[in-house]
1. Relative to the longest principal axis of the C-alpha atoms of chain B, give the angle of the C-alpha long axis of helix B:284-295, reported between 0 and 90° and rounded to the nearest 10°.
2. Of B:89, B:140, B:69, which is farthest towards the positive pole of the range B:3-206's charge dipole, taken about the Cα centre with +1 and -1 on the beta-carbons of Lys, Arg and Asp, Glu respectively?
3. With a cut-off of at most 14 other beta carbons within 10 Å, and DSSP calling the residue loop, which chymotrypsin sites (Phe, Trp or Tyr not before Pro) in the range A:171-228 qualify? Please list them.
4. Based only on Cα atoms, what mean projected area does the convex hull of chain A have, in nm²?
5. Toward the positive end of the charge dipole of the protein assembly as shown, about the Cα centre and with charges on Cβ (Lys, Arg +1; Asp, Glu -1), which of A:61, A:178, B:41 goes farthest?
6. Along the charge dipole of the protein assembly as shown, pointing to its positive end and built from +1/-1 on Cβ of Lys, Arg, Asp and Glu, which listed residue (A:187, B:123, A:210) has its Cα farthest out?
7. Please list the radius of gyration and Dmax for the protein assembly as shown, considering alpha-carbon atoms only, with Å as the unit.
8. Within chain A, which complete DSSP H helices have Cα atoms spanning at least 15 Å along the helix axis and a mean Kyte-Doolittle hydropathy of 1.6 or higher?
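The numbers here are math on the coordinates, done by the rules we state, and not lab data. Model, not experiment: these values are computed from the prediction. Note that we place each Cβ from the backbone using ideal geometry, even for glycine, and neighbour counts take in every protein chain shown.
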Amino acid sequence: MFQQILFTQWKSFRLGLIPFVVVAFGLPLLAVQGLGPVPEGYEGARVALQALFDSWQFWLPWFPALAVTVGATAALNAWSWDHKTDHIYALSLPISRPRYAAWKMGAGALLVVVPALGLWLGALAAAASIDIPASVNTYPTALAVRFFLASLLAYSVFFALAAGTIRTTVIVLSSFVGMLVLTGIMTDYASAVVPGFAFNFSAWLVESLIEWPGPFEVFSGNWSLIDV
Amino acid sequence: MSNAIELNKVTYTAGKSFQISDLNLHVPEGAIYGFLGANGSGKTTTIRLIMGMLRAEGGHISVLGENVPNDMPSILGRTGYVPEHPHLYPGLTVGETLRYHASFYKDWDAEWSYELVEALHLGARRKVGQMSKGEKGKLLILLAIAQRPELLILDEPTDGLDPVVRRDVLTAVLDYVSHTKATVFISSHLVHELERFCDWVGVVDDGTLVIELPMEDFKSGIKRLKVQNPPAETDDAPFVVLNRTFIDRRIPMETWVVRGWRDPMTQYFERAGATVCDVMDLDLEEGFVELLRSSRPSSNGYGE
């Protein structure tokens, strides 16, 4: 059963996976392109290392962005055929809804591995193509694992959102956003009128989400191919 | 005889304007039960309640002796379902669809399913998304019967199909039923189609069951009478008057459509000083139309 669910998702997503694999493979290579051999001496190594970090910094935002795109697309794809048929087929199958959703999610998660593998191979190729100073190491596997985890997290969030009808999703999202906006307004107002009370809700929220141990830390953590 | 499907006082509200209210339904095991109703009368909603796709707000539903919705996976494993609109995954081929579907059913008959693919001229390599409505209809029937179900629930399975495909579809169903004694619950607004092979009939209108009885009783019990000097009141009549129409306002002659008619009932008219000039059989479609006409609140009993 799981094999067949995996096959249907593979069949509906396989063409969509190709551009993601190409971009995931090419991104690490793009990030290190144009870097020459490391010159002799401390200063030369320092300059080369700086050039490497600068180039990586320029391309760095593309990695989490690609991970989110991969995860979201895989999640939307996982439900697309069911949405097209108003979930009637899925609901008529002799399987409990939680089990069906779990297996569907598992199948989609396996497909997310494919772009991560592409990125891993690209990172290995990029690491092999550059000349790095002696004290510096490359971490292609760690980068690929981070990319996979970020994709998986994005996939999980979008999978949950896409599981319901568009109406349900809109209600859930708008309620959530509305609640955040309302809380922000209330804390801003309280900060203005209550003496000694100062609280920036938005900053706190972002920090709580993307900094350790926030659930989305994987997007903001260390995406380096090269490190000391 | 136990019932394959049983609904007791089931209620469900869909939106602001439509409600299924206190719906009782009893589909005997082994029966071919025709579920009749006009478009929008609640047939598909009822079927989705039976299939556990919608949750009833009140009442009790049992299918094959199990409880809806608690025992759904088990019930669905024993039930073949053909929905009103084709619901299959468009990107799969027929062969892939069979394999996908088969993986959910322990009694799936793979050999027979491929025989049916040949018999119904489907082609295992055809993509579902590129198939015609008729071909999809045949594939849905194939999927429903190749899992060897004890119960087949068919929601307007032949709606929009050409006569040849319609015959193929119904033949496949009847062939399966004749070998397995499975129960069939088939909804349709194509009354004449059900007349040929259903042995039970239920009529639903505006979310309410109008009548439920064996097909023979339905067909033989609904008559059109030509009555001379008809009585004004019919409260004590031993039958149900569905409709009465003036033939000509200048003469005391009316056409009555009645349910539950038996020949000795002519005595009722004789006692009332009336004469039954003619008793005519109605086919299922005419009976269905008259039943619906009489069940609607706006009906005053006198048609024009």
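1. Helix B:284-295 sits at roughly 70 degrees to that axis.
2. Farthest towards the positive pole: B:89.
3. The qualifying sites are A:197, A:199.
4. Averaged projected hull area, Cα only: 16.9 nm².
5. Of the candidates, A:61 comes out farthest on the positive side.
6. Highest projection toward the positive end goes to A:210.
7. 33.6, 127
8. Span-like helices in chain A: A:140-163.
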